[in-house]
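The next block holds one structure in the form of structure tokens; read it before the comments.
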Amino acid sequence: MRFHPDSDQTAIQDTVFGAVQDALPRDKLMAFLDADADLEPDSWRALMELGLAGMMLSEEAGGSGLGLFEAALCAEALGRSAAPGPMMGQMLAAYALSQTGNTAAREAFLQNVAGGSVVAGLAFGGNGLSESWDVLHEAGRATGQVRFVASASSAGLFLVGLKGGGLALVEAAEGVSVEPVRSTDRTRKCASVTFQDAPVQVLFEGGDPAVQRVIDAALVLIAADALGGAQHCVDLSVAYAQERQQFGQPIAKFQALKHQLANMAMNVEPARALLWYAAYAWDRDLPDASRAAAMAKAHICDRFAEVARDAIAAHGGIGYTWEYGLNIWFRRSVFDKAYLGSPSVHRSRAAGMASW
């Protein structure tokens, strides 16, 4: 692989970032953070019109014929712009439907999920890994609860992790209730989703290799979101340091701050190749794809949290204010770090897969 996105891939990423910026200017984003709604319609519509939901599908399945590498570049742009919405769940639900042997489910839901007319929430449960899923499935019905499901009130479908390691789709209808919870990240508002004898469409049984493929893709996408957020924190800090005057000169000239900004940049830039390789390994179905995904999730989400803290320090008092907005990415970093398993969980997995 040529380890750099080509011009087409870069154009895709720039287009996604620009679409969010146009549809969701700063004042509109701040208003969404204070509102009760868990889905911002204008930015979501803009992303669906770009075809993001189906970009990992083949052209025969109605998608763009691209892969996780391109999806990760888009997720990075979403993290950079703090875009609301359950894009990861949407992409993964579309991908899972395209791969399932459940023909009835694929024909009933794939077109609507890939086209974005139905919102799909990701409801894995536990720490995101299949051995921690605890929604029970029996006789075509599901019972259990999954916490911290993004945009659950707006979802028409849920991609649910079942006890035993299977994956299923559950419609937001009979036997499904949603209770919003106050979560740290206000851009991806979450809820607890309770299933009580809810009808399910099983996509993959426990032990099917496709389940791990979906989990690995989720880890890469959340790592990509973290990379985009971390890069934004660096860019914002550098711009502030060049503008802020103290003792008659920009604070960017102060050596201590120069070192701090350099350390932030060094936390971000080397992580980029880690993400690119993880996405590449997944697309090529390489033997170390699962390990690469675990390492990317652990390392990049850790670095995002560290860089976000450093960015607040670099800004001084203004970095702590709600109005300035840096807290948006700090909160997002906390979510990314905990979601789908902590860094320590995935470092342990990576070590085990390397027989350390």
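The values are calculated or read from the model by the stated rules, or taken from the named source; none is laboratory data. What you see is a predicted model, and the numbers here were worked out from it, not measured in a lab. Reconstructed Cβ throughout: ideal geometry from the backbone, glycine too, with neighbour counts over all protein chains shown. Just the protein is used for accessible areas: all its heavy atoms, side chains included, with ligands, DNA and RNA removed. Shrake-Rupley method; radii C 1.70, N 1.55, O 1.52, S 1.80 Å.
Reported count of residues in region 66-125, each being closer than 21 Å to A293 by Cα and either of a type in the set (A, V, I, L, M) or in a loop (DSSP other than H, G, I, E, B) (or both), is 21. Tell me which residues, restricted to region 189-200, are buried (at least 19 other Cβ atoms within 10 Å of the Cβ) and either at positive phi or assigned to a strand (DSSP E or B) (or both). Listed by number, the residues that qualify are C190, A191, V193, F195, A198, V200. Only a single criterion out of (1) under 26 Å from P343 (Cβ atoms); (2) surrounded by fewer than 24 Cβ atoms within 10 Å (Cβ to Cβ) is not satisfied by G121, namely (2). Sort out which residues of region 163-188 are within 30 Å of A305 (Cα to Cα) and open to solvent by 10 Å² or more (accessible area, probe 1.4 Å), and write them in order of number. Those that are within 30 Å of A305 (Cα to Cα) and open to solvent by 10 Å² or more (accessible area, probe 1.4 Å): V178, E179, P180, V181, R182, S183, T184, R186, R188.
Cβ-Cβ distances below 6 Å connect the following pairs, each with a first residue in region 37-51 that is of a type in the set (D, E), a second residue that is part of a helix (DSSP H, G or I), and a separation of six or more residues or different chains: D38/S153; D38/S154; E40/F32; D42/A23.
If only one of D285, D310 is open to solvent by 40 Å² or more (accessible area, probe 1.4 Å) and outside any helix (DSSP H, G or I), which one is it? It is D285.
Figure legend. Inter-residue proximity from region 252-263: first residues in contact (Cβ under 8 Å) with a residue 40 or more places away in the chain, second residues part of a helix (DSSP H, G or I) and among the hydrophobic types (A, V, I, L, M, F, W, C), beta-carbon distance below 7 Å, spacing 6+ or different chains. Indicated pairs: L257/A241; L257/I251; L257/A314; Q260/A314; L261/V238; L261/A241; L261/A314.
Out of all the residues in region 78-100, which are touching a residue at least 60 places away in the same chain (Cβ under 8 Å) and either touching a Gly at 6+ places or on another chain (Cβ under 6 Å) or among the small types (G, A, S) (or both)? Once the filter is applied, which keeps residues that are touching a residue at least 60 places away in the same chain (Cβ under 8 Å) and either touching a Gly at 6+ places or on another chain (Cβ under 6 Å) or among the small types (G, A, S) (or both), region 78-100 yields G79, R80, S81, A82, A83, G85, P86, G89, A93, A96. Does region 129-162 hold any residues that are of a type outside the set (D, E), surrounded by fewer than 20 Cβ atoms within 10 Å (Cβ to Cβ) and not in a strand (DSSP E or B), and which are they? Correct list: S132, A139, G140, S153, G156.
From the list L203, L227, the one residue that fits, being buried (at least 24 other Cβ atoms within 10 Å of the Cβ) and assigned to a strand (DSSP E or B), is L203.
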